[in-house]
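Notes for the one structure printed next.
The values are calculated or read from the model by the stated rules, or taken from the named source; none is laboratory data. From a predicted model like this one, the values you see are computed outputs, not experimental measurements. Because the Cβ atoms are built from the backbone with ideal geometry, glycine has one as well, and the counts that use them run over all protein chains shown. Protein only, heavy atoms only, side chains kept; ligands, DNA and RNA dropped before computing areas. Shrake-Rupley method; radii C 1.70, N 1.55, O 1.52, S 1.80 Å.
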Amino acid sequence: MSHWSEATQERAREIIARYPQKRSAVMPLLYLAMAEEGYLTNEGMEEVARWVDITPAQVQAVATFYTMYKRRPTGRYLVSCCTSISCMLLGGDDVLHAVEDESGVPHGETGADGLLSVEHVECIGACGGAPAVQVNYELIEGVTPDKARDLVRWLDTARPDVVNTDEMQELFGGVRSFDWAIREGEGAKGPYPAFQALGTVGREGET
Amino acid sequence: MPGPCQIAVSCRHVACTASGGLGVAMGEAGPEHVTITIDGVSHEVPAGALVIKAAQDRGTYIPRFCWHERMNPVGMCRMCLVEVQGPRGPMLVTACTNNVADGMVVDTRGPTVKKAQEAVLEFLLANHPLDCPVCDKGGECPLQDQAFSHGPGESRFVEIKRNFAKPIPISDLVLLDRERCILCARCTRFSDEISGDPLIEFKSRANVTEVNTFPDLPFSSYFSGNTIQICPVGALTSAQYRFRARPWDLQMVESSGMHDTAHPRLSVQVSQNEVLRLVGVDNDATNHGWLSDKDRFGFQYLTSEERLTMPLVRQDGQLVETTWAEALDRVAERIGLIRDEDGGEVFAVIGGGHGTNEDAYAISKFARVVLETNNVDARLDDALSSHFLAATADRGLIADIDGADTILLWGPDLKEEHPTLYLRVRRAAQELGVRLVVIHPRATGLDDRASMKLTYRPGGGFALLDEVADGKHPELRQALSADRVVAIVGQASFADGPQLAESVAAYVRNKAGSARILPLARRGNIFGALDMGLAPDLLPGRVAPDHAGRAALAESWGEPPAARGKDTRAMLEGIDSGEIRFLLLVGADPVRDVPDPRRALLAMDSAEYVVSIDLFLNDSNREADVVLPAAGFAEKDGTVTNLEGRVQKVNVIAPIPGQGRPDWAILDDLAERAGRPIGLANAESIAKEISEVAPAYTGITWDHLEWEARDGAVVPLSGSQPLSHIPVALKGDNAPTAPLLLHVGRTLYDDGVMLRHSPSLRPLARGAVVHLNPEDAKKAGAQDGHPVRVVTSHGEGEFSAILDEGTPEGVVYVPFNQPGGAPLGTDAVVRVTAVGR
């Protein structure tokens, strides 16, 4: 007896079918649980445990190990500022402070209106374009403190349904690691990574 | 409505075992050897062994926390670092994850290793609190010991240590102190690899990693106590033992657990004459060091305030305390009167399945010599035939399951009734890749490791067996036609007659290349009791009471009675009908323990004279004429015989409260007063008499068990067992066709006398519950957790409904003998209605 929507259940079945052992599907299913409820609840973990036939304690072990499984309500936009070494050397901390100051949300927390969550994160693989920021895991490189303030104001006023890396890069970014990279138009529609299989991409079918 | 049986075939998970670790223990043919050098000394060691194990077996102890001989290695704690000469020069490797190779040069104590060990310990102690003086583990703590033997002596850490709330209960029995935890994963691996209920796991990561349960889902494992024992620090402690003693104040003696017919080996630990805890002892043959929580914590009844301490006799309708002389003279006089009037036929003896072999022998001799009767039975109307249990042809050993091609388990849920055997079967299926077939009316604790699982409707076992024989289940037939098949058979449900298990055994013996049979029965020393002749159709040493059997005993006992004896059911019916005038109960509570208690209640109400030897007043002896206080576990020494016929020594370490005496001493005294002395001087001399009188026990003396057979001796030692019972295939009744059928099964924790008086375990009994398939619940209008009325032709009562997918449609599962639960008898047809509120 699942509490999930029929569409989510169908996705869960498809994902589980990809693996020789059910339990291997625990990580994608945790994202499904997050997408279903906005964040990962205890009930969500119990549901995943039933789907992949392991105990809730075992699901919790995975869910608590990885920081991208959010076990508290997260804002509509999750702003992640990198403070690992390359970004730190190029002003990542200033970018973080600018985001905190402009939004009024200290890192690790969510604004009272539920719009924004701010966090500082370890390396997100964008050292060539440091300092880097992600909004709902969509990357923006070469961000300055001023651009970061613009980004926060834009999220507050424009409130896009889908955030997209290329769009935000043009508006708020600077130097990119790979300016020849293929553009992708899908974007993310919530504070969880956008994957086709999970049904979490913003505009399905677009590239 | 479902058909007579549903077949479900699931794929088996075969966890890969790291080479070495568990594999070496299997060692069938002599393993190949390689030569390695440990600290400059050359050794021959088994090829493929882990370095840590090879070194240990050659006398070099490498310190460790996470590695445990009975679990797969993980290399988490890094304490076992040793230096190995490699192709690129010397390097530090973990001895618990590396296998020996020919020519390997290992250094376990040079300066590099010493520095590594000191560093590891310094890091482990960076967060570990130094609260050893108030820690239960202090004095027997591997971390404490190894910090002394291998540590740097000083720490450079001045930072504040981790803080957690402590201790937190993770179950009713286990407390967790996360500050002390060194994250070795012994407990989590045990619950995953060994007991199969991974309800504790690591949580979070890095510096804040902790072991914990899921919120509101406690570590309610039947084996949770093992994690306390294997925790190498004081992170997991026992709620029951907490702050009760320091290890150096404990006296201890080795013995066997008596809640479980496998007889797991354990250490009884006592302070100030009180048993304070039981700790598992590693025994290759039985328990591998593990204990179920019932065996570990189910001893508190020994020190209960309710223990009987004085002989009681009925006077003016009340049981009053008296002297042994007065009580025994009364009984002796009554025995003489009745025997003179009616002879031995009117006596009945029920019980003896909980004591030692010496006690059982005394009961057997007392019944035959003093009471002149064969009306004696240690089974309580819930067991297979005595000849099949005690002397089946091709009887197997527990260890046989490790090398089997197929294990057939057609009987009770081992997790509930035979926890030691459950762990062995789980290991065989999970770690050794043995094919496991489980046949049971509902879900069992081993289903997740079964390569094949069949369910059948209660009472429909014979129909299923016929189907198998007719070739309707080809896959199962094929599995049973394998070369080495071990059939573990017992009564899965009260609705199945006792003949089913024997018929299954007969089928497997015909089918398999070579079959080994392990028949199951309940009550701690039931197999010892049967071997001592506590059944109407057995004499000591697995001898049938035929002419030859009686003649052989005549020299030492005088000719035993020839009349055919009654089993427990016939005795209870005989009491009700007046055929039986005198009932002796020895550690037996038929009202609570027979499947259909109406029969026992009627018998107890109409009995002319009842004498009970027991630890407590119970529902059966409350109205007795004389109640005599007995000695309990750890209060007497002797031998016991487990389900494979293995005889082990149990030992005394605690005094008997009040004036209690061992069963054999009571009966010897009584026999003397009744004018028919049976000549039993002490337990050891009884053991000697058994080894002379009981053919299967020839040569099994206490000396033999204490000095030569440390893991116990399997009887018979030679081919001296006179009785070899060939299992017979029988035809059973047709399965009842009612839409709902009752399945009554035992659970580990129930309302038995010993658990009722053990405060730690009493609250864990299931209570009055009934398991319903959600579809059946819907039809009956029953909701989860709400009361329903369950009615059979034998009884009725109100139970709390549990909606359970593991119980097939058409089956109503009620755990037996639960606090507050009404007895429902053995009738399979049942009605369930929701109780309106």
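Just tell me how shielded B:205-213 is by partners: mean number of partner chain Cβ atoms within 10 Å of each residue's Cβ, no decimals.
2
Multiplying the sequence separation of B:SER149 and B:GLN783 by 0.36 nm and subtracting their Cα-Cα distance, what value in nm do you get? Present the calculation step by step, with values, prior to reporting the outcome.
Details: separation 634, 0.36 × 634 = 228.24 nm, distance 5.98 nm.
Stretched out fully, the B:SER149 to B:GLN783 stretch lengthens by 222.3 nm.
What are the extents of the Cα atoms of region B:491-640 along their three principal axes, listed from largest to smallest and rounded to whole Å?
If we take the Cα atoms of region B:491-640, the spans are 55, 43, 38 Å.
Near the amide H of A:TYR77, under 5 Å away, which other amide H atoms are found, from residues 5 or more places off or on another chain, if H is placed in the peptide plane?
When sequence neighbours closer than 5 places are left aside, the close amide H contacts are A:LEU116, A:SER117.
Within the set B:LYS415/B:LYS472; B:LYS415/B:LYS731; B:LYS294/B:LYS365; B:LYS472/B:LYS731; B:LYS166/B:LYS203; B:LYS365/B:LYS415, which residue pairs have Cα atoms separated by over 24 Å? Kindly include the intermediate steps, with their values, before the conclusion.
Values: B:LYS415/B:LYS472 29 Å; B:LYS415/B:LYS731 29 Å; B:LYS294/B:LYS365 32 Å; B:LYS472/B:LYS731 18 Å; B:LYS166/B:LYS203 16 Å; B:LYS365/B:LYS415 36 Å.
Too far apart for the 24 Å limit: B:LYS415/B:LYS472; B:LYS415/B:LYS731; B:LYS294/B:LYS365; B:LYS365/B:LYS415.
Taking every eigenvalue of the Cα gyration tensor of region A:136-207, multiplying by 5 and rooting it, what semi-axes result, largest first, whole Å?
Largest first, region A:136-207 gives 21, 16, 9 Å.
Between beta-carbons, use under 12 Å as the cut-off and find the net charge around B:LEU397, counting Lys and Arg +1, Asp and Glu -1.
-2
State, to one decimal in nm², a quarter of the convex hull surface area for the C-alpha atoms of chain B, i.e. the direction-averaged projected area.
37.1
Tell me the per residue accessible area of chain B using a 1.4 Å probe; a whole number in Å² is fine.
Values: 31020 Å² over 837 residues.
Heavy-atom SASA per residue in chain B reads 37 Å².
With θ set to phi - 60° and the Karplus curve 6.51 cos²θ - 1.76 cosθ + 1.60, what are the ³J(HN,Hα) couplings of region A:9-18 in order, to the nearest whole Hz, using x for Gly and Pro?
Couplings: 4, 4, 4, 4, 4, 4, 5, 4, 5, 6 Hz.
Rounded if a/c is under 1.5, else prolate if a/b is larger than b/c, else oblate: which is region B:706-762, with a ≥ b ≥ c the root eigenvalues of its Cα gyration tensor?
oblate
With axes computed from alpha carbons, what is the tilt in degrees of helix A:56-65 against the longest principal axis of chain A, rounded to the nearest 10 within 0 to 90?
Relative to chain A, helix A:56-65 is tipped by roughly 10 degrees.
Could you give me D for region A:1-153, from Stokes-Einstein at 37 °C and 0.692 mPa s, where the hydrodynamic radius is the Kirkwood radius over C-alpha pairs? Units µm² s⁻¹, please.
197
Rg/Rh for region B:634-766 to two decimals, with Rh computed the Kirkwood way over all alpha-carbon pairs.
With Rh from the inverse mean 1/r over Cα pairs, Rg/Rh is 1.09.
Provide the per-residue ³J(HN,Hα) series for region B:439-448, in order, calculated from phi with Karplus coefficients 6.51, -1.76, 1.60 and θ = phi - 60°, each as a whole number of Hz, with x at glycine and proline positions.
These are the phi-based 3J(HN,Hα) values: 10, 6, x, 8, 4, 10, x, 10, 4, 5 Hz.
Under a crude label model (7 Å from the Cα following the beta-carbon direction), how far is B:ASN651 from B:ASP340 in nanometres?
Placing both labels 7 Å along Cα→Cβ, they lie 4.8 nm apart.
Cα axis of helix B:568-577 to longest principal axis of chain B: angle in degrees, 0 to 90, nearest 10?
On a 0 to 90 degree scale, this one is about 30.
Using only Cα atoms, what Kirkwood radius does region B:243-303 have, in angstroms?
After inverting the mean inverse Cα-Cα distance, the result is 11.8 Å.
Calculate one ³J(HN,Hα) per residue across region B:738-743 by plugging θ = phi - 60° into the Karplus curve 6.51 cos²θ - 1.76 cosθ + 1.60, and present them in order as whole Hz with x for glycine and proline.
With coefficients 6.51, -1.76 and 1.60, one gets 4, x, 10, 10, 8, 10 Hz.
Give me P(r) over the protein assembly as shown, computed from all C-alpha to C-alpha distances, binned every 10 Å, as integer percentages.
With a bin width of 10 Å, the distribution comes to 2, 10, 16, 20, 19, 14, 9, 5, 3, 1, 0, 0.
If one puts a single equal scatterer on every Cα of region B:4-230 and applies the Debye formula without solvent, what log₁₀ I(q)/I(0) results at q = 0.13, 0.14, 0.15 Å⁻¹?
-0.88, -0.99, -1.10
Just to be sure I understand the curve: with the Debye formula and one point per C-alpha of region B:204-282, what is log10 I(q)/I(0) at q = 0.18, 0.25, 0.26, 0.28 Å⁻¹?
So the normalised log intensities are -0.90, -1.35, -1.41, -1.49.
Pull out the extension gain between A:ARG159 and A:ARG18, defined as 0.36 nm times the separation in residues minus the alpha carbon to alpha carbon distance; nm, one decimal.
Between A:ARG159 and A:ARG18, full extension yields an extra 47.2 nm.
How large, in Å, is region B:422-561 by the Kirkwood hydrodynamic radius built from its alpha-carbon pairs?
Evaluated over region B:422-561, this radius sits at 17.3 Å.
Rounded to the nearest 100 Å², what's the accessible area chains A and B bury against each other, both chains counted, probe 1.4 Å?
Working: alone 10540 and 31640 Å², together 40960 Å².
That pair hides around 1200 Å² of surface in total.
Let me check I've understood the local charge: for B:ALA47, count other residues with C-beta under 11 angstrom from its C-beta, Lys and Arg +1, Asp and Glu -1. What total comes out?
It works out to a net charge of -3.
Sort B:420-426, B:38-44 by the packing proxy (mean of other Cβ within 10 Å over each peptide's residues), most packed first. If you can, show how the numbers build up before the last one.
On the way: B:420-426: 25.6, B:38-44: 13.6.
The peptides rank, most packed first, as B:420-426, B:38-44.
How crowded by other chains is B:313-319, given as the mean number of beta carbons from other chains within 10 Å of each beta carbon? Walk me through the numbers on the way to the answer.
On the way: counts 0, 0, 0, 0, 0, 0, 0.
Rounded to a whole number, the mean comes out at 0.
Only bridges with both residues in chain B count here: give the DSSP antiparallel percent, nearest 5. Spell out each step's value before the answer.
Values: 67 of 116 bridges.
Expressed as a percentage, antiparallel bridges in chain B total about 60.
Could you state the principal axis extents of the C-alpha atoms in region B:319-386, from the largest down, to the nearest angstrom?
That gives 38, 29, 22 Å along the principal axes, largest extent first.
When the convex hull of the C-alpha atoms of region B:464-511 is computed, what volume per residue in Å³ does it have? List each step's numbers first, then the result.
Working: hull volume 3.5 nm³, N = 48.
In region B:464-511, the Cα hull volume divided by residue count equals 72 Å³.
In peptide A:59-69, what is the residue-averaged number of other protein chain Cβ atoms found within 10 Å of each Cβ?
On the way: counts 2, 9, 12, 2, 2, 9, 6, 1, 1, 0, 0.
That works out to 4 on average.
If you wrap region A:6-65's Cα atoms in a convex hull and average its projection over all directions, what's the area in nm²?
3.6
Taking all pairs of different Cα atoms in region B:735-834, averaging 1/r and flipping that mean, what Kirkwood radius in angstroms comes out?
It works out to 13.6 Å.
In terms of Cα to Cα distance under 20 Å, which lysines are near enough to B:LYS114, apart from those fewer than 8 places away along the same chain?
B:LYS53
What order, most packed first, do the peptides B:627-633, B:73-79, A:88-94 have when packing is the mean number of other Cβ atoms within 10 Å of each residue?
So the peptides B:627-633, B:73-79, A:88-94, ranked by packing, come out B:627-633, B:73-79, A:88-94.
What ratio of Cα Rg to 2.2 N^0.38 Å holds for region A:77-203?
Normalised Rg, Cα atoms only: 0.96.
Ordered by packing density, taken as the mean number of other Cβ atoms within 10 Å over each peptide's residues, highest first, how do B:439-451, B:649-661 rank?
Values: B:439-451: 21.9, B:649-661: 18.9.
Going from most to least packed, we get B:439-451, B:649-661.
For helix B:683-693, what angle does its Cα long axis make with the longest principal axis of chain B, in degrees from 0 to 90 and rounded to 10?
Around 70 degrees separate the two axes.
Report the extension gain between B:ALA469 and B:LYS731 in nm, rounded to one decimal, defined as 0.36 nm multiplied by the number of residues separating them, less their alpha carbon distance. Walk me through the numbers before you get to the answer.
Numbers: separation 262, 0.36 × 262 = 94.32 nm, distance 1.25 nm.
Extra length available between B:ALA469 and B:LYS731 comes to 93.1 nm.
Putting +1 on Lys and Arg Cβ atoms and -1 on Asp and Glu Cβ atoms, find which of A:ALA63, A:LEU115, A:VAL143 reaches farthest to the positive end of the dipole of region A:37-172.
A:ALA63
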